[in-house]
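Structure, as structure tokens:
The values are calculated or read from the model by the stated rules, or taken from the named source; none is laboratory data. Only a predicted model underlies this, so the values are computations on that prediction, with no experimental measurement involved. FYI the Cβ positions are ideal-geometry reconstructions off the backbone, even for glycines, and counts take in every protein chain you see.
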Amino acid sequence: MLIQLTYASRTSKTLVPDDLKAILVASQRNNTRVGITGALCLTNGIFLQQLEGDRTAVSLLYHRILSDPRHRDPAILDFAEIVSRKFTKWSMGSLASLESNRGIYLKYSRSSSFDPYSMAPTTLRAFFDEIMSNAAWVS
Ligand code: FAD
């Protein structure tokens, strides 16, 4: 069964670009092997990640991610059966920290700072639909 899991967490320390790069390299290597796709955003010290794939594979990966010391305060924000994947191009894509993406964050925020913990599942789904189509990505 194909599912989508969305969670948020906070960075446990200030991460430098190389830290994010290391997470992406490991993600792309591992996710390709187990057929997981998705997207990872990091803004204001908050990670927001959507994972798509087989229910068991996503569940196993989420539990591995939970034990990673690079983040804390994980919270599942949305978990749903899906008919098809959204992120067919990326085993794990990462949203670039560019001015051009700020407007997208703001569009789905209740306040001037992006806070995924307070977002409803429908808003989160709309946010991921939008970034899939309109955001700039780390190449
Ligand atoms: P390696 O990458 O070789 O790492 C070996 C061990 O060292 C792991 O236990 C790892 O947790 C730890 N480690 C590596 N670098 C650091 C560091 N700088 N600080 C502390 N510990 C470190 N992994 C995926 O496979 N797919 C994902 O989609 C994914 N998303 C992630 C999202 C977030 C927000 C975070 C924080 C991590 C994510 N990871 C993801 C990484 C995951 O938590 C594991 O680190 C990774 O899957 C382990 O890969 P590996 O077995 O190839 O080990």
Please find, among 61, 51, the residue that is touching a residue at least 24 places away in the same chain (Cβ under 8 Å) and outside any helix (DSSP H, G or I). 51
Need the failing condition index for residue 139 against (1) farther than 17 Å from residue 20 by Cβ; (2) modelled with pLDDT under 90; (3) in a loop (DSSP other than H, G, I, E, B), just the number. (1)
Report yes if residue 91 is away from the ligand (no atom under 16 Å from the Cβ) and either in a loop (DSSP other than H, G, I, E, B) or charged (D, E, K, R) (or both), otherwise no. no
Can you find even one residue in region 72-88 that is at pLDDT below 95 and either within 9 Å of the ligand (Cβ to nearest atom) or surrounded by fewer than 11 Cβ atoms within 10 Å (Cβ to Cβ) (or both)? yes
Mind checking whether some residue in region 71-83 is farther than 14 Å from residue 49 by Cβ, small (Gly, Ala, Ser) and in a strand (DSSP E or B)? yes
Could you list, in sequence order, the residues of region 1-28 that are without any contact (Cβ under 8 Å) to a residue 40 or more places away in the chain and either within 6 Å of the ligand (Cβ to nearest atom) or closer than 14 Å to residue 46 by Cα (or both)? 14, 16, 22, 26
